[in-house]
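Below is one structure; the comments refer to it alone.
The values are calculated or read from the model by the stated rules, or taken from the named source; none is laboratory data. Treat the numbers as computed from the prediction; the structure is a model and nothing was measured. Backbone-built Cβ (ideal geometry, glycine too); neighbour counts: all protein chains shown. Keep in mind that these areas ignore ligands, DNA and RNA; they rest on the heavy atoms of the full protein, side chains included. Shrake-Rupley method; radii C 1.70, N 1.55, O 1.52, S 1.80 Å.
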Amino acid sequence: MINIKYKESHAFMDSFTKRRKWCYLKTSKINNVWNNIISNFLFRMMISGVLLSVFWGWLVYVYQTNQVEKELFFQLKKASQRLIKEKTVPFEKIDNFEFEHFVDFYIHQLADFRMVILDIYSINGQRIFHFNNGFKNLEKYKGILLTQSPHSKDYKYNIFKLGGEIYFQTFNPIYKGEQHLGAINIIVAVGKQIVHQFRKAMIVAILHAIGTISTMTLVLFPLIYSSYKKLQHNQSELTKSHLQTIKALGNAIAERDSDTDAHNYRVTYLSLGLAERLNLSDRFMRSLVKGAFLHDIGKIGIRDNILLKTSSLSNEEMAIMKTHVEQGVKIINNIPWLEDSIDVIRFHHERYDGSGYPSGIRGEQIPIVARIFAVVDVFDALISKRPYKQAISCNDAIEILKQDHLKFDPLVLSIFLEISKSQCNNAITMEKEELEMHLTKKISNYFDV
């Protein structure tokens, strides 16, 4: 009595441990998926924030530079207009004393800019006045300074940096009405206060952009999270609906063929167990689940007098029966979610030695999911009752598989033989509801349900 209680207790603890392990793995899988989603989202938001900050920083820089240019150009143009006052005579007729007075006025009037060079040209393009207050050996700055023909009638300006200072250069043709009086070329050093204000404004704008983006991220994240959870729930419900549909469709075919839908549950359960031992990827596992449930869907098109015949089929009837493979492919062919089930549907009657149908391909030409399912399907057909035959025992079925070993992938068959006693006895002895429950647990590892 004690021994029996011990065994029952041990069995219960073993079952409890397995279930706890499954729950832990499932929870870990969900947590890992969610952590990956959070990490990817935050990473993308961070990258987006950096790119947007750079973009807005560049816009601010362009805007601020343009504002400085406009202010400089306005002040220089205003100064140039002061030079001509009410005069309407060309510059070459103005005394140099007035140009020098203009320079003195300019130096005292514009506190934020330091005049470096002033060149005044006549209407003939000759330089009639030159002032230099900082640039030595102008030849070495030719690649930087604005080169403009004195005869040009276009306004030109240039901003450049030398020795830590920012300079602004403008070439300004001077007109009084329609009369051309000459041209002025001015280079000024921009004051440190203006540069400081410019940089400060740019930094503030960039920080403002970063703050705005960060705030938007904090505001949008809960909304995105909520939308994602709804989408995830809807996706899960849709996947459940798809799985229920293929289960119902596959079971309807199985019941028509053998008066029970247990066949579909068993072959799917055993196929997954075998595929797990072969370490197939999740993509192949999903393909195997769909294909296992729908492998005989083409039998919808087979007449009852052939499908349910209690005696052996004639050659003509067998030829018709074999068409269920291609009919199954045609049914599934235009359904995107079921495309990956076609490998099992089309090739599950092919044999490793080339003796199968409909194509007679051999070896590894047969997709791995079809090679796995072929072993399980033949085994379950042997141990199942059909209108034309009685069921045989698991041991007898295993012996038949060993005798026909050339028809199956050697590796797949050897693994199946290793697990056949434990896996197959479990699948056969379990009631349909228990089998379905265990199968649902397996499937949930490969589908988001």
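If you go through region 321-339 one residue at a time, do you hit one that is within 24 Å of LEU411 (Cβ to Cβ) and in contact with an Asp or Glu (Cβ under 9 Å, 6 or more places away or on another chain)?
The answer is no; no qualifying residue exists.
Considering region 221-240 alone, what residues qualify as being without any contact (Cβ under 8 Å) to a residue 12 or more places away in the chain and open to solvent by less than 60 Å² (accessible area, probe 1.4 Å)?
SER226, the sole residue that qualifies.
Is there a residue being more than 20 Å from ASP95 (Cβ to Cβ), modelled with pLDDT of 75 or more and surrounded by 12 or more Cβ atoms within 10 Å (Cβ to Cβ) anywhere in region 193-201?
Taking every residue of region 193-201 in turn, none turns out to be more than 20 Å from ASP95 (Cβ to Cβ), modelled with pLDDT of 75 or more and surrounded by 12 or more Cβ atoms within 10 Å (Cβ to Cβ).
If a residue counts only when it is touching a residue at least 40 places away in the same chain (Cβ under 8 Å) and not hydroxyl-bearing (Ser, Thr, Tyr), which strands (runs of 3 or more DSSP E) contained entirely in region 110-220 have at least 2 such residues?
113-121, 165-176, 179-190
Determine which single condition GLY134 fails, assuming it passes every other condition in (1) small (Gly, Ala, Ser); (2) surrounded by fewer than 17 Cβ atoms within 10 Å (Cβ to Cβ); (3) modelled with pLDDT of 75 or more; (4) touching a strand residue (DSSP E or B) at 6+ places or on another chain (Cβ under 7 Å).
(3)
Can you tell me which residue within region 306-340, out of those that are farther than 21 Å from LYS290 by Cα and modelled with pLDDT of 90 or more, is surrounded by the fewest Cβ atoms within 10 Å (Cβ to Cβ)?
ASN315
Could you list, in sequence order, all residues of region 436-448 that are in a helix (DSSP H, G or I) and either in contact with a Lys or Arg (Cβ under 7 Å, 6 or more places away or on another chain) or not hydrophobic (A, V, I, L, M, F, W, C) (or both)?
Matches in region 436-448: GLU436, HIS438, THR440, LYS441, LYS442, SER444.
With respect to LEU417, determine if the residue is closer than 16 Å to VAL376 by Cα, without any contact (Cβ under 8 Å) to a residue 24 or more places away in the chain and assigned to a helix (DSSP H, G or I).
Against the criterion (closer than 16 Å to VAL376 by Cα, without any contact (Cβ under 8 Å) to a residue 24 or more places away in the chain and assigned to a helix (DSSP H, G or I)), LEU417 qualifies.
Only one of (1) of a type outside the set (Lys, Arg); (2) touching a Ser or Thr at 6+ places or on another chain (Cβ under 7 Å); (3) surrounded by 14 or more Cβ atoms within 10 Å (Cβ to Cβ); (4) under 30 Å from ILE123 (Cβ atoms) is not met by ILE210, so which one is it?
ILE210 satisfies all of (1) of a type outside the set (Lys, Arg); (2) touching a Ser or Thr at 6+ places or on another chain (Cβ under 7 Å); (3) surrounded by 14 or more Cβ atoms within 10 Å (Cβ to Cβ); (4) under 30 Å from ILE123 (Cβ atoms) except (4).
Criterion first (at pLDDT 80 or above, open to solvent by less than 40 Å² (accessible area, probe 1.4 Å) and farther than 21 Å from HIS101 by Cα) does PHE129 satisfy it?
No: the conditions fail for PHE129.
Test LEU249 against the stated conditions and say whether it is in contact with a Leu (Cβ under 8 Å, 6 or more places away or on another chain), closer than 21 Å to ILE443 by Cα and open to solvent by 10 Å² or more (accessible area, probe 1.4 Å).
yes
Within the set of pairs 6+ apart or on separate chains, which have a first residue in region 243-255 that is within 11 Å of HIS295 (Cα to Cα) and in contact (Cβ under 8 Å) with a residue 40 or more places away in the chain, a second that is among the basic types (Lys, Arg) and open to solvent by 20 Å² or more (accessible area, probe 1.4 Å), and C-beta atoms under 8 Å apart?
ILE253/LYS299
Would you pick out the residues in region 304-318 that are assigned to a helix (DSSP H, G or I) and over 17 Å from GLU350 (Cβ atoms)?
ASP304, ASN305, ILE306, LEU307, ASN315, GLU316, GLU317
Given the condition of a type outside the set (Gly, Ala, Ser), part of a helix (DSSP H, G or I), over 25 Å from LEU417 (Cα atoms) and open to solvent by 60 Å² or more (accessible area, probe 1.4 Å), answer yes or no: does some residue in region 289-303 qualify?
There is at least one residue in region 289-303 that is of a type outside the set (Gly, Ala, Ser), part of a helix (DSSP H, G or I), over 25 Å from LEU417 (Cα atoms) and open to solvent by 60 Å² or more (accessible area, probe 1.4 Å).
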